[in-house]
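Colleague: Below is a structure I'd like to ask you about.
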Amino acid sequence: MKILVVEDDAKIASFIAKGLKQEGFSVERAGDGEEGLALALARRFDVLVVDLMLPKLSGYEIIGSLRKKGATTPILILSAKSGVDDKLQGFEAGSDDYLTKPFSFAELVARVRALARRAAPSAGETALVSGPLTLDLMSRRASRDGKEIELRPREFALLEYLMRHAGNVVSKTMIMEHIWSYYFDPETNIVDVLVHRLRAKVDDGFEPKLIHTVRGAGYVLSGR
């Protein structure tokens, strides 16, 4: 697996790169935001590890630019900014996970591996079909009744999760653990916001409605 580490602290970047290489990863480094964005756009990586406070372009700007260009590479933010607002802003920009400094290297490796596994389709599996919905796991495209639906990376991940569990209720906690690999206060509405966005794209203008709220339990994908 190939990892891009975008980190301006040379000591931390060297530590991460050396450790990941020892774990069998191929690693490239970028020391500022502009270099990181250019590398991420020019080459294929399995996971990006991105700091937020970078010279030239911030981590938020890198992630936002990549997502606007349609890049679906999993992104792990690695930052000293530990506030809830910082984390939410990172996820809203399009990151897939968030790890704060100081960090356990073993946890960093585990999260990188988890993101890479999540992005790779199972052997021989190229698409999911649930009623009128089709999810192409190779091209990362979704459609309903043959009409293409444009999805952001986390919307795609949520729809894939719901389709893999079609007919079964999935809780907010299950969604948070799968989509973000991160624990949030149960009172946060981040899952509701993501489901609302996905429902607007999957159900608005179509019948029957497929994404349903099960009060007090979670959400279910079904054609009832």
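Colleague: Among I3, I12, I77, which is aliphatic (A, V, I, L, M) and within 20 Å of F156 (Cα to Cα)?
Modeller: So the residue among I3, I12, I77 that is aliphatic (A, V, I, L, M) and within 20 Å of F156 (Cα to Cα) is I77.
Colleague: Considering (1) open to solvent by 30 Å² or more (accessible area, probe 1.4 Å); (2) under 11 Å from the mean Cα position of the chain (by Cα), say which one G70 fails and leave the rest.
Modeller: (2)
Colleague: Read through the list (1) free of Cβ contacts under 8 Å to residues at least 60 places away in the same chain; (2) open to solvent by 30 Å² or more (accessible area, probe 1.4 Å); (3) of a type in the set (D, E, K, R); (4) touching a Pro at 6+ places or on another chain (Cβ under 9 Å), then give the number of the only condition that E28 fails.
Modeller: Among (1) free of Cβ contacts under 8 Å to residues at least 60 places away in the same chain; (2) open to solvent by 30 Å² or more (accessible area, probe 1.4 Å); (3) of a type in the set (D, E, K, R); (4) touching a Pro at 6+ places or on another chain (Cβ under 9 Å), the lone unmet condition for E28 is (4).
Colleague: Enumerate the pairs (first residue in segment 46-62 and of a type in the set (S, T, Y); second residue anywhere and open to solvent by 30 Å² or more (accessible area, probe 1.4 Å) and not in a loop (DSSP other than H, G, I, E, B)) with beta-carbon separation below 8 Å, excluding pairs fewer than 6 apart on the same chain, so at least 6 apart or on different chains.
Modeller: Y60/Q89
Colleague: Then there's this: Of A116, A142, which residue is outside any helix (DSSP H, G or I) and open to solvent by less than 40 Å² (accessible area, probe 1.4 Å)?
Modeller: A142
Colleague: Further question: Taking I75 as the residue in question, decide whether it is over 22 Å from K18 (Cβ atoms), buried (at least 17 other Cβ atoms within 10 Å of the Cβ) and either in contact with a Pro (Cβ under 9 Å, 6 or more places away or on another chain) or among the β-branched types (V, I, T) (or both).
Modeller: Criteria not met by I75.
Colleague: Of the conditions (1) at pLDDT 95 or above; (2) more than 23 Å from I179 (Cα to Cα); (3) of a type outside the set (D, E, K, R), I62 satisfies every one except a single condition; which number is it?
Modeller: Failed condition: (2).
Colleague: Continuing with this model, one more query. Give segment 41-67 a look and list any residue that's assigned to a helix (DSSP H, G or I) and under 16 Å from Q89 (Cβ atoms), or say none.
Modeller: Answer for segment 41-67, where residues must be assigned to a helix (DSSP H, G or I) and under 16 Å from Q89 (Cβ atoms): G59, Y60, E61, I62, I63, G64, S65, L66, R67.
The values are calculated or read from the model by the stated rules, or taken from the named source; none is laboratory data. In this text, all values refer to a predicted model and were calculated from it rather than measured experimentally. No Cβ is skipped: glycine too gets one built from the backbone with ideal geometry, and neighbour counts run over all protein chains shown. Side chains included, ligands, DNA and RNA excluded: accessible areas come from the protein's heavy atoms. Shrake-Rupley method; radii C 1.70, N 1.55, O 1.52, S 1.80 Å.
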